[in-house]
Structures are given as structure tokens and as C-alpha cells.
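*Asks:* Sharing a structure, written as C-alpha cells. Questions coming.
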Amino acid sequence: MAEVLVLVDHIDGTPKKVTYELLTKARELGEPSAVFLGAPGQSGTAIESLGKYGAEKVYVGESDEIAGFLTAPKAEIIATLIEQKSPVAVLFPSSAEGKEVAARVAVRTGSGLLADAVDLDADGTATQSVFGGAVEVRSKVTVGTNLVTIRPNSTPPVEQAGAAAVEQLTVEVSDAAKGAKIVESVVEAKGGRPDLGDAAIVVSGGRGVGDADGFRIIEELADTLGAAVGASRAATDAGWYPHQNQVGQTGRTVSPQLYIAAGISGAIQHRAGMQTSKTIVAINKDPEAPIFELADFGLVGDLFTVVPALTGEITKRKA
Amino acid sequence: MGADKAVHLSDEALHGSCAMQTSYALSKVLGTLEYDLVICGSESTDARLSIMAPLIAERLGLPQLSGARKVTVDGGTVRIERQTESGYDVIEASTPAIISVVEKINEPRYPSFKGIMAAKKKPLTSLTVADAGIEADKVGLAHATSAVDSFSTRPPRQAGQIVKDEGDGGSKVADFLASQKFI
């Protein structure tokens with residue numbers, strides 16, 4: 001059976017949910033092999049869980065040089081693997097890094113690349129959502145290896161046992177790939193909430209939240225639902241909430257099962273980042289707000305009374 | 001806005017080029033120029049691929065510093081802050097290099113009347129594919145690395161239910177969430 005490579009997206013060795021989604025997708029195209037690239041010793045706990053989602057092989061490349069430079073070393077390693085294994089496709093997470101690694105691999109291997117897909121068929125045809133989510137395009141790579149980056153939450157991860165046979169890679173990073181060095185990684189305050197890209201439920205606040213303090217009720221609602229917290233650009237630019245939580249054109253693109261927008265008018269730039277959410281609930285005091293055009297359920301009202309009441313109601317019903 | 005000169009690559013042969021071919025064409029044009037720093041936007045608003053900077057970097061062997069929300073240049077060193085999912089990374093490289101920037105980088109100033117008049121005198125070079133040394137059979141729809149099979153307008157979302165808060169808004173939303181099995 002044809003081999004399909006999947007680049008593992010992980011935080012310090014723990015695979016992110018999107019990795020399992022990619023492995024699930026890869027099984028429709030062929031036999032999945034996970035490619036784990038990281039700092040020395042990080043792969044240890046990942047192997048077993050990669051096997052749980054069907055990885056027959058796990059290629060492991062560990063080196064400080066992978067972690068210390070931006071994307072180019074990973075691309076070199078994957079391009080070499082493609083040369084050796086001739087996979088039928090390579091799937092990447094559609095994160096900033098995943099897309100950049102894929103881009104470099106495409107140049108190195110002379111392949112076509114379809115970035116930011118929301119679906120992938122067994123025959124390798126990818127669906128992309130373009131023009132702010134207004135149009136869906138189905139295309140196929142016609143040159144070289146089929147390279148596709150896929151958005152998180154595009155497919156539910158399904159367990160299926162795989163052998164997860166480990167094959168260590170020799171990592172030799174060329175000087176050319178060491179051009180852009182990561183000199184510092186700053187982690188900004190973040191609670192124990194799920195990652196925005198991976199979360200099944202996202203609760204977002206916008207201009208209507210009023211100030212940084214106002215986000216407390218957004219967070220409380222998020223916590224009762226086990227959700228991630230998002231924010232519109234208006235809210236992050238005003239400094240009410242950290243930039244990494246911005247949902248929209250210039251922030252993160254999310255497509256959770258449930259998206260709750262509170263005090264967000266729904267400008268096109270925001271919609272582009274959340275339009276593919278499965279179910280959308282909007283709370284806004286302006287009945288004309290464009291967010292209501294998208295909403296499966298819209299409540300015209302003051303978020304400062306509705307959101308805490310909703311939090312209370314959910315807590316009560318869960319009890 | 002302050003540009004000293006402009007180069008415009010325009011040729012019918014480029015019609016229908018994919019991202020791979022666009023990056024090839026831009027790399028060839030860059031090859032006709034002298035530069036210390038190439039600055040790209042982070043992504044287009046149509047397909048939002050956000051891969052042009054890494055594609056060009058790989059083709060030209062330039063260090064790539066992408067997704068910058070802040071840039072400083074000190075002599076031959078360029079340093080950026082790149083937004084990550086948990087905070088930000090500080091990334092450094094020597095010039096020549098290519099960077100891509102997000103909209104947080106600055107607020108564009110309004111062009112002044114004086115600037116607009118001065119701009120009319122700045123040189124604008126137009127290049128064809130042949131001028132830039134681009135091989136015509138490596139660009140354009142017929143040679144694209146991916147092919148569109150079909151496209152469709154996303155069906156508009158079914159009009160949802162919109163209700164007004166009459167003091168029971170919280171419980172109405174909760175009812176909806178329960179009906180969809182979220183709680």
C-alpha cells in the first residue's frame with residue numbers, strides 16, 4: 001500500500017489533536033507514517049499515541065538544530081524522506097509553521113502544494129475555502145508529490161491501531177538552512193484552556209466587551225464549556241486580550257463544533273477566521289450586526305447580562 | 001509612500017500561474033535587482049496561503065523571517081518578533097534576507113500631496129517574462145503544479161433563529177445549546 005507521510009505537530013513532544021486528524025485522513029489515501037521532528041528526547045511519549053491513530057511507521061529526527069531554526073531544517077529532512085520513500089502524499093498541519101515547511105518542501109522536490117485545505121478526498125483532491133469562506137475550490141496537485149496542508153478540526157480523529165515502528169533519521173542540517181535563528185521563545189500568560197486551533201468550542205469577545213476586565217465573563221463562560229477563548233481584532237488591538245487569541249483574517253482561523261461570539265459585530269475580516277465553524281451562536285445588542293447573518297442562533301441583548309446568565313444556566317444544568 | 005523606484009512584471013504568459021510559479025517568477029525578478037531586505041505581506045486576502053516568503057526564501061537561499069509583528073534592522077542583522085500560538089519568538093538573521101509582515105507592523109501614513117507629486121518622477125520599470133529571464137514554459141495555467149477540478153459558492157448558511165432578550169436570554173441560549181447537545 002502506498003505510504004503517506006504526516007508531519008507531527010507537537011508541543012514539547014505531546015502531539016496536538018490536528019496530528020491525529022491528519023493520521024485519520026492519511027489512512028484514506030494509503031498507509032500513514034508519522035514524521036516526528038523535535039529536540040532530543042522529545043519523541044518518547046509520542047510514539048505510542050501516534051500508533052493509536054494508525055501510524056504504521058514513525059520516522060524520528062531529533063536535534064537541537066531542528067528546534068533552534070525556523071522551518072528550513074524540517075523541510076530539508078522531509079524532502080530527503082520523500083526522495084527515499086516516494087510517498088503518494090505528505091500531509092502537514094495548516095499552522096503558520098506547517099505551511100512554511102510544506103512550501104519549502106514543494107520547492108525542494110519540485111512538487112505542487114495545496115495549502116489550507118478543509119477537506120481531502122481519497123484520490124488526493126483537496127478542498128480549499130477561499131474569498132473569506134465564500135467559495136470552495138476543489139483542486140489536485142499535478143506535479144511531483146501531493147503536498148497538502150490541512151486545517152485543524154477538518155475531520156474528527158478516529159483511533160485505529162498501527163504498528164508505530166520507529167525508524168531513526170540521521171539529522172544533518174545544512175548551513176543554508178540555519179539562516180534564520182530563533183534567539184528567544186517567549187511564552188505569554190495562558191491559562192489551562194485548550195488551544196484555540198484545536199478546541200471543539202470557542203467563546204470569543206469583541207468590541208462590545210468594553211475592556212480587559214470584561215473578558216472575565218467571557219472566560220467564565222468558556223471554562224464552563226471547556227472552551228478556548230478568542231477575541232476580535234478590535235479587542236486585541238485595544239490590548240484587552242493577548243494577540244495570540246485573535247480570531248480572523250490576520251489572526252487564527254478556527255473551525256470548532258461551536259463558536260460563540262459575544263459583542264462581535266462580525267466584520268468580514270473576523271468572519272474569514274470563523275466562518276467554517278459548525279454551529280455559530282451570536283450575542284449582540286445591535287440587531288443589525290452582520291454576525292447574525294451567520295448565526296444558527298442569535299440573541300439580541302446585552303452581553304453583560306446574557307453571558308453571566310448563560311454561564312449560570314449551564315452550571316445549573318450540568319449539576 | 002516613499003518608494004524610490006518600482007518594477008512591474010506583467011505578461012500574458014503569467015495568467016493562471018499557481019503559487020509555485022508565482023514564487024519562481026518573483027525570484028527571477030529579484031535576481032535582476034540589488035537588495036538587502038525583501039519585505040512581503042504575510043498573506044493575500046483571497047486564498048490566504050501565506051507561503052510566498054518561504055517559497056522565495058527556498059528558491060533564492062535567503063534567510064526567511066516570516067509573520068513579523070515587529071522588525072528591527074541593525075547593520076547587517078535583521079530581527080523580528082513572530083507571533084506563535086503561545087506567545088512569540090524572536091528570530092534573527094543576516095541580510096540579505098526576506099521577511100513577511102502582518103498588519104500589526106505599523107499604521108501606513110497617508111501620502112502627502114508633495115509625496116504624490118514626487119512619486120510621478122520616480123522610475124517605473126516594466127518587465128516582460130523574457131526581460132526577467134523567466135522561462136515561459138514554467139509559468140501560466142498550462143504548466144501550473146495544481147489544477148482546479150471544480151469550485152462552488154458556499155451555500156449561504158441556513159437563516160438561524162434570532163430572538164430578543166426579554167430577561168431570559170441566558171436560558172434561551174442554554175436551551176439552544178442543549179438542543180444541539182453541547183450541554
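*Asks:* Report yes if some residue within segment A:103-120 is small (Gly, Ala, Ser), surrounded by fewer than 22 Cβ atoms within 10 Å (Cβ to Cβ) and under 23 Å from B:Val139 (Cα atoms); otherwise report no. First the steps, then the outcome.
*Replies:* Pass one, segment A:103-120, residues small (Gly, Ala, Ser): A:103, A:106, A:110-112, A:115, A:117.
Narrowing further to those that are surrounded by fewer than 22 Cβ atoms within 10 Å (Cβ to Cβ): A:110.
Subset that is under 23 Å from B:Val139 (Cα atoms): A:110.
Scanning segment A:103-120, I find at least one residue that is small (Gly, Ala, Ser), surrounded by fewer than 22 Cβ atoms within 10 Å (Cβ to Cβ) and under 23 Å from B:Val139 (Cα atoms), so the answer is yes.
*Asks:* Out of the residues in segment B:87-115 meeting the condition of being touching an Asp or Glu at 6+ places or on another chain (Cβ under 6 Å) and at the interface with chain A (Cβ under 8 Å from one of its Cβ atoms), tell me which one is nearest to B:Ser27 (Cα to Cα).
*Replies:* Within segment B:87-115, the subset touching an Asp or Glu at 6+ places or on another chain (Cβ under 6 Å) is B:87-88, B:90, B:95-96.
Now narrow it down to the ones that are at the interface with chain A (Cβ under 8 Å from one of its Cβ atoms): B:87-88, B:90.
Numbers: B:Gly87: 32, B:Tyr88: 29, B:Val90: 26 Å.
The residue in question is B:Val90.
*Asks:* Conditions first: (1) touching a helix residue (DSSP H, G or I) at 6+ places or on another chain (Cβ under 9 Å); (2) facing chain B (nearest Cβ under 10 Å); (3) at positive phi. A:Asn153 passes all but one, so which condition is the exception?
*Replies:* Among (1) touching a helix residue (DSSP H, G or I) at 6+ places or on another chain (Cβ under 9 Å); (2) facing chain B (nearest Cβ under 10 Å); (3) at positive phi, A:Asn153 violates only (2).
*Asks:* Among the residues of segment B:102-112, which ones are assigned to a loop (DSSP other than H, G, I, E, B), surrounded by 10 or more Cβ atoms within 10 Å (Cβ to Cβ) and not polar (S, T, N, Q)?
*Replies:* First pass over segment B:102-112, keeping only residues assigned to a loop (DSSP other than H, G, I, E, B): B:102, B:106-112.
Add one more test, that the residue is surrounded by 10 or more Cβ atoms within 10 Å (Cβ to Cβ), and what stays is B:102, B:111-112.
Listed by number, the residues that qualify are B:Val102, B:Pro111.
*Asks:* While we're looking at this one, here's another question. Here is a check on your reading of the model: is A:Gly124 surrounded by fewer than 19 Cβ atoms within 10 Å (Cβ to Cβ), at positive phi, in contact (Cβ under 8 Å) with a residue 40 or more places away in the chain and more than 8 Å from chain B (Cβ to nearest Cβ)? Give the steps one after another, and end with the answer.
*Replies:* Working: surrounded by fewer than 19 Cβ atoms within 10 Å (Cβ to Cβ): yes; at positive phi: yes; in contact (Cβ under 8 Å) with a residue 40 or more places away in the chain: yes; more than 8 Å from chain B (Cβ to nearest Cβ): yes.
Here the answer is yes, as A:Gly124 does meet what is asked.
*Asks:* Which members of segment B:43-86 meet the condition of being assigned to a strand (DSSP E or B), facing another protein chain (nearest Cβ under 9 Å) and surrounded by fewer than 20 Cβ atoms within 10 Å (Cβ to Cβ)?
*Replies:* Of everything in segment B:43-86, those that are assigned to a strand (DSSP E or B), facing another protein chain (nearest Cβ under 9 Å) and surrounded by fewer than 20 Cβ atoms within 10 Å (Cβ to Cβ) turn out to be B:Arg69, B:Arg79.
*Asks:* Something else now. Select, from B:Ile162, B:Ile98, the only residue that is out of contact with any Lys or Arg (no Cβ under 6 Å at 6 or more places or on another chain) and more than 30 Å from B:Cys18 (Cα to Cα). Even if it seems obvious, please write down each step before you answer.
*Replies:* Numbers: B:Ile98 fails: more than 30 Å from B:Cys18 (Cα to Cα).
Step by step, each of B:Ile162, B:Ile98 is checked, and only B:Ile162 is out of contact with any Lys or Arg (no Cβ under 6 Å at 6 or more places or on another chain) and more than 30 Å from B:Cys18 (Cα to Cα).
*Asks:* Determine the pairs where a residue that is under 18 Å from B:Ala174 (Cα atoms) and without any contact (Cβ under 8 Å) to a residue 24 or more places away in the chain, located within segment A:283-307, has a partner that is hydroxyl-bearing (Ser, Thr, Tyr) and surrounded by fewer than 21 Cβ atoms within 10 Å (Cβ to Cβ) with Cβ atoms under 7 Å apart, the partner being 6 or more residues away or on another chain.
*Replies:* As it stands, the answer is A:Asp296/A:Thr279, since those pairs meet every condition given.
*Asks:* Moving to a separate point now. Between a first residue in segment B:154-166 that is among the basic types (Lys, Arg) and a second residue that is part of a strand (DSSP E or B) and surrounded by 14 or more Cβ atoms within 10 Å (Cβ to Cβ), which pairs have beta carbons less than 9 Å apart while being 6 or more apart in sequence or on different chains?
*Replies:* Within 9 Å, the pairs are B:Arg154/A:Ser129; B:Arg154/A:Val135; B:Arg154/A:Glu136; B:Arg157/A:Ile280; B:Lys164/A:Leu299; B:Lys164/A:Val300.
*Asks:* So in segment A:95-114, with the set limited to residues that are at pLDDT 95 or above and among the small types (Gly, Ala, Ser), which one is nearest to B:Arg69 (Cα to Cα)?
*Replies:* Going through the qualifying residues, I end up with A:Gly98.
*Asks:* Looking only at residues in segment B:172-183 that are facing chain A (nearest Cβ under 7 Å) and part of a loop (DSSP other than H, G, I, E, B), which one is surrounded by the fewest Cβ atoms within 10 Å (Cβ to Cβ)?
*Replies:* B:Gln180
*Asks:* OK, next. Look through segment B:141-171, keep the residues that are in a helix (DSSP H, G or I) and facing chain A (nearest Cβ under 8 Å), and return whichever of them is farthest from A:Ile314 (Cα to Cα).
*Replies:* Here is the first cut: in segment B:141-171, the ones in a helix (DSSP H, G or I) are B:141-143, B:169-171.
Narrowing the set further to residues that are facing chain A (nearest Cβ under 8 Å) leaves B:169-171.
Values: B:Gly169: 13, B:Gly170: 9, B:Ser171: 8 Å.
So, considering only residues that are in a helix (DSSP H, G or I) and facing chain A (nearest Cβ under 8 Å), the one farthest from A:Ile314 (Cα to Cα) is B:Gly169.
*Asks:* Please verify whether A:Thr24 is surrounded by fewer than 21 Cβ atoms within 10 Å (Cβ to Cβ) and more than 26 Å from A:Asp119 (Cβ to Cβ), treating the condition exactly as stated. Quick ask: steps written out before the conclusion?
*Replies:* Working: surrounded by fewer than 21 Cβ atoms within 10 Å (Cβ to Cβ): yes; more than 26 Å from A:Asp119 (Cβ to Cβ): no.
When the stated conditions are applied, A:Thr24 does not pass them.
*Asks:* Still on this structure, please answer the following. Given the condition closer than 22 Å to A:Asp175 by Cα, assigned to a strand (DSSP E or B) and not small (Gly, Ala, Ser), answer yes or no: does some residue in segment B:113-134 qualify?
*Replies:* no
*Asks:* Quick one: would you say A:Val173 is more than 7 Å from every other protein chain (Cβ to nearest Cβ), under 19 Å from the mean Cα position of the chain (by Cα), in contact (Cβ under 8 Å) with a residue 12 or more places away in the chain and under 30 Å from B:Thr77 (Cα atoms)? Walk me through it before giving the result.
*Replies:* Values: more than 7 Å from every other protein chain (Cβ to nearest Cβ): yes; under 19 Å from the mean Cα position of the chain (by Cα): no; in contact (Cβ under 8 Å) with a residue 12 or more places away in the chain: yes; under 30 Å from B:Thr77 (Cα atoms): yes.
Answer is no for this residue.
The values are calculated or read from the model by the stated rules, or taken from the named source; none is laboratory data. Computed from a predicted model, the values in this text were never measured in an experiment. FYI the Cβ positions are ideal-geometry reconstructions off the backbone, even for glycines, and counts take in every protein chain you see.
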